[in-house]
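Contents: one structure, followed by commentary.
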Ligand code: URA
């Protein structure tokens with residue numbers, strides 16, 4: 001007779017056990033999800049009794065990938081100005097990798113310019129990073145920009161809200177609010193190189209300071225520049241859900257109103 005350990009090694013672990021271990025829900029809840037046909041393994045709907053190799057199986061619930069492989073980490077870093085988002089810099093500037101634990105090795109999800117501050121996701125979870133980098137529905141990123149040249153004209157605000165012509169094409173409509181004179185809150189879901197700086201320059205305002213203050217539903221005013229924290233599973237799943245299925249709600253009434261202003 002084969003021992004349970006040998007059987008587990010030979011055939012992998014039960015899917016509900018792997019799913020429950022992430023903190024997604026109790027084994028019972030995970031069994032119900034499987035029985036309801038909401039769980040896929042490597043793109044195929046799983047049945048109860050399915051065993052998987054947790055290191056390699058791509059497990060998703062309702063199409064949203066779940067980070068089930070052991071050892072995956074997801075950090076939220078508040079990147080200070082002057083730090084580069086790559087893992088090494090030919091000019092010897094400090095890198096975001098210097099600001100988080102060295103093990104396991106992680107990389108940034110997308111980039112912020114060296115002179116941009118604010119929230120940056122870092123992970124060793126390739127599936128998560130890919131999902132956020134090439135989302136079907138762009139995850140919103142919100143920036144606070146201090147600009148030269150004083151107040152933005154109604155025409156400039158309208159242009160940013162409708163989309164401005166850059167050398168790599170017209171931008172998608174942005175949500176824009178002038179918070180105070182020369183301070184703009186701008187929300188986009190694209191991730192082109194130096195996009196916010198180029199959008200504001202296109203309407204005649206150079207950016208003097210740029211801070212990313214929100215990624216999807218994540219913001220964290222308590223995180224000081226240079227600090228990071230581990231994301232909870234529900235925060236990771238909320239981002240993955242946003243990138244997979246888009247926001248659940250349409251624009252709030254306040255956002256619609258601000259986008260209608262001249
Ligand atoms: N837009 C920019 O101009 N820079 C960034 O770092 C991010 C968005």
Item checked: Residues that are away from the ligand (no atom under 16 Å from the Cβ) and either in contact with a strand residue (DSSP E or B) (Cβ under 8 Å, 6 or more places away or on another chain) or touching a residue at least 12 places away in the same chain (Cβ under 8 Å) (or both), drawn from segment 174-191 -> 177, 178, 179, 181, 182
Item checked: segment 192-219, residues that are more than 13 Å from the ligand (Cβ to nearest atom) and farther than 17 Å from residue 109 by Cα -> 203, 204
Next item on the list: Find the residue count for segment 139-149, including only residues that are crowded, with 18+ Cβ neighbours inside 10 Å and outside any strand (DSSP E or B).
Entry: 1
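FYI, it's all coordinate maths here, none of it is from the lab. Source: prediction; values computed, not measured. A quick note on method: Cβ atoms are made from the backbone with ideal geometry, for glycine too, and the neighbour counts reach across all protein chains shown.
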